[in-house]
Structure formats: C-alpha cells, structure tokens
Amino acid sequence: MRKWIFSIIILSLSITSFAQDLMGERIRRVSGTKKSVYFDSGIFHNGGPKRKSSLKAVRHSYTEKRGYERVVLDFETKEIPRVYGNISSSEKKLYIDLFDTTIKSMADSFGKSKFVEDIKFFPISKDSLSVEITFNKVVNVDIFYLNSPGRLVFDIK
C-alpha cells in the first residue's frame, strides 16, 4: 500500500513539474516606444481598454545590419486591441491573445523567415483571436506597439 501511495505522489509531482508556472513569470507592460529590452520568457500585456479591431496583415523583415528580425501585426484600427501574451523559451513559442479582434482571411500569408518557423491563428470566438508563433531556435524578443494605424511589433534576435 505504501508503494502505491508513493508511486501516485511521484507521478503527480512529475506531471506538475512539466506544467508552465505562469505565476512565477515576470509580467511586462508593452510600451508605445521601442525600448530595446529583449527577453526570452515571461508574460506581457498592453493594459489597454477593450476596443474592437481586426488583424489585417502580418509582415516581417530582416536585415543583418540591424541584427534582428521585425515581425509586425497590422490592425485596421488606429490603436491596437487589448493584448495579453507569453513567450516561452522552453517551447520556443510566443503566445498572443488579441481581445475583441477578428482576422482577415489574407493575414496567414507570411513567407520565409530567419527566426519564425510557423504562425498559427486560432479564432477562439467571433471576438477573440489567439496567435501562436513558433521559432526555429530560442530567441529574445523586444515587444512594443505603434499607433495610427495600430501595429504590434516584435523585434526578434
């Protein structure tokens, strides 16, 4: 009986050790200006009010002179919607939730990238959109937004 209980305890501890501890992550507020503060893990948000928006395009560019690849989410509104996200270095992924946001059908064409392996869009409901960006290696990301039109910018190195 003791071996059974011990086995159950060990099994439950091993399962929880693989779970992501979001409570232990640092939470960053995304700025409206480039700060050149790169990080490889943690939670981020813009703290903005809810506003309806539509993701109209995703674009990217890389030049060796700058040393980073820029990925931009373009919105149809003057300001970006409410954003909440997490970057996970262990999974090599960036998760983004865009509240009150829909997606245009053409937004999924991206092309070849230096750091981005794949981008997936998950329309959770008619008003919420989740985006998952998978990287081909562990990266560091600087995140900021621009207005008029609204753009969420990821500088990746």
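Placing +1 on the Cβ of every Lys and Arg and -1 on the Cβ of every Asp and Glu, with nothing else charged, gives region 21-156 a dipole about its Cα centre of roughly 440 debye. Label separation (Lys137 vs Tyr95): 2.6 nm, computed from points 7 Å beyond Cα along the C-beta direction. Put a dot 7 Å past the Cα of Phe121, heading toward its Cβ, do the same for Arg70, and the two dots end up 2.2 nm apart. Close amide-amide hydrogen proximity is noted between Glu76 and Ser54, Lys56, each under 5 Å apart and 5 or more residues distant or on a separate chain (H modeled in the peptide plane; Pro and chain starts excluded).
Checking the cross-link pairs Lys137/Lys157; Lys34/Lys93; Lys35/Lys78; Lys34/Lys104 against a 19 Å limit on the alpha carbon distance flags Lys34/Lys93; Lys35/Lys78; Lys34/Lys104 as lying beyond it.
Where a number appears in this text, it was derived from the coordinates with a stated rule and is not lab data. Source: prediction; values computed, not measured. Positions of Cβ are generated from backbone atoms using ideal geometry, with glycine treated the same way; all protein chains shown enter the neighbour counts.
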